[in-house]
Amino acid sequence: MKVTFWGTRGSLASPSPETVRYGGNTSCVAVVGSEGTMIILDAGTGIRNLGQSLPADLKRVHILLTHLHMDHIQGLPFFAPLRRRGVEFHIWGPASTTLSLNARLQKYLSPPLFPVSVRDLSADLHFHELPAHLIEIGEFSINAQLIIHPNPTLGYRIACAKSVVTYIPDHEPALSNRVYPFEKEWTSGYDLAKGADLLIHDAQFTDEEYQYCVGFGHSTIRDAFRFAELTGVKQLVPFHYNPSYSDDDLDRMFDEALTELHPTYKMTPSREGLSLDVV
Amino acid sequence: MSQQEIEVILARHLAEYLAMPIFLVNPNGDLIFYNEPAEAVLGTRYSETGAMPASVWSTIFHPIDHEGKPIPPEELPLVIALTQHCPAHKIFWIRGLDGAMREIEVTAFPLIGQADRFLGGIAIFWEITTK
């Protein structure tokens with residue numbers, strides 16, 4: 001699998017001279033399998049650049065949304081293939097007890113929040129609600145499970161013949177745990193991440209900030225490290241950075257976490273444009 | 001052992017913070033957690049009993065009615081919540097594992113998660129100390 005990061009920021013796009021190295025676009029990751037199948041994880045503002053990089057004769061697109069917070073869907077109407085006739089477009093996302101996935105997306109993709117509605121898009125759209133079953137897309141087997149984050153939110157475990165990538169961009173496994181990490185059986189996201197070759201995980205806060213943000217649904221950088229240790233992954237990719245952090249801030253935070261925690265796995269901070277081969 | 005469902009994890013965390021005795025079971029009826037206030041009523045600690053099959057917890061506390069007659073498992077509120085997927089309420093007596101008889105009032109309800117997944121049941125109970 002080849003994993004490419006098109007947006008690594010959380011909450012709000014934050015382009016500035018201070019964020020050019022890690023990037024200012026919100027969540028979007030492309031995963032391409034050995035047979036060429038591509039799936040797109042979330043549709044934050046980073047998906048616009050991804051759309052411009054795709055071939056014009058693209059026939060089918062799969063977008064797996066973890067949830068419908070704005071930083072994960074804001075780029076959707078700017079994704080060029082959505083405006084092309086003949087493109088088969090599959091959007092997967094969390095089920096709700098009240099409205100369909102299509103209806104919930106239309107809350108954003110309709111006036112007055114946005115001038116173009118879902119029915120005005122040219123692509124052939126299909127909506128799929130999760131968790132329902134193991135998804136098979138091309139050479140990928142994908143398991144979607146609910147994880148701790150406000151409003152129903154999914155994490156994805158993406159497996160192919162030789163490797164596993166886990167994507168949990170918004171996640172607060174430490175929520176309410178008096179001791180964290182806790183027992184595996186009682187840890188949100190454990191089954192998704194267990195033994196993964198690559199874990200892309202929320203790293204939004206510092207420990208100091210977290211004291212004022214408990215329940216917001218995000219992890220500290222150190223808790224992301226601890227979650228990776230608990231789940232026995234081979235490589236951690238911190239993701240979904242607080243928009244207020246500069247590149248220098250993030251460099252310093254990762255250095256401090258590495259010095260303190262001495263992880264047994266490889267740690268590679270996500271940044272826009274980064275591509276990782278997972279074998 | 002695989003991870004519990006996310007709604008069950010959140011229910012346990014909530015129970016750990018509440019001062020009301022709470023009993024949490026999985027869809028099979030097996031006890032998977034009770035909190036510290038429940039330990040005082042049941043006369044034992046969760047760390048000592050651990051998880052318990054339904055056949056054990058539904059009889060180990062010897063539930064009896066006001067006339068001293070044993071209450072069959074299928075009439076216990078939590079068993080009704082699990083089998084009929086509806087809330088249930090009852091007042092009865094139990095014998096804690098510390099040997100003490102206690103009158104308790106129990107409200108139980110099924111735990112239904114996103115996408116209508118049946119995830120087990122929760123019983124909240126109170127010890128009746130004055131009438």
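The values are calculated or read from the model by the stated rules, or taken from the named source; none is laboratory data. Here the structure is a predicted model, which means the values were calculated and not measured. Counting neighbours? That spans all protein chains shown, and the Cβs are built from the backbone with ideal geometry, glycine included. In case anyone asks, the SASA skips ligands and DNA or RNA and just uses the protein heavy atoms, side chains included. Shrake-Rupley method; radii C 1.70, N 1.55, O 1.52, S 1.80 Å.
Side notes on the structure shown:
To keep it simple, each residue is scored yes or no on (1) within 14 Å of chain B (Cβ to nearest Cβ); (2) assigned to a helix (DSSP H, G or I).
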site: A:W92; (1), (2): yes, no
site: A:S96; (1), (2): yes, no
site: A:Q106; (1), (2): no, yes
site: A:P115; (1), (2): no, no
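- Residues in region B:80-95 that are among the β-branched types (V, I, T) and open to solvent by less than 60 Å² (accessible area, probe 1.4 Å) were compared, and the one that is nearest to B:P53 (Cα to Cα) is B:I80.
- Looking across region A:222-232, the residues that are open to solvent by less than 10 Å² (accessible area, probe 1.4 Å) and aliphatic (A, V, I, L, M) come down to A:A224, A:A228.
- Taking region A:35-65 as the range and being on the phi > 0 side of the Ramachandran plot and assigned to a strand (DSSP E or B) as the test, no residue passes.
- Flag if A:G23 is in contact (Cβ under 8 Å) with a residue 60 or more places away in the chain and touching a Lys or Arg at 6+ places or on another chain (Cβ under 6 Å): yes
- Subset of region A:126-155 [away from chain B (no Cβ under 14 Å) and either open to solvent by less than 40 Å² (accessible area, probe 1.4 Å) or touching a helix residue (DSSP H, G or I) at 6+ places or on another chain (Cβ under 6 Å) (or both)]: A:F127, A:I135, A:I137, A:E139, A:F140, A:S141, A:I142
- Checking each residue in region A:181-195 for being touching a helix residue (DSSP H, G or I) at 6+ places or on another chain (Cβ under 8 Å), more than 7 Å from chain B (Cβ to nearest Cβ) and open to solvent by less than 40 Å² (accessible area, probe 1.4 Å) picks out A:G189, A:A193, A:G195.
- Of the residues in region A:196-216, at least one is under 23 Å from A:Q145 (Cβ atoms), open to solvent by 10 Å² or more (accessible area, probe 1.4 Å) and more than 20 Å from the chain's Cα centre (by Cα).
- Given (1) at pLDDT 95 or above; (2) more than 11 Å from the chain's Cα centre (by Cα); (3) more than 16 Å from B:T129 (Cα to Cα), index of the condition B:A108 fails: (2)
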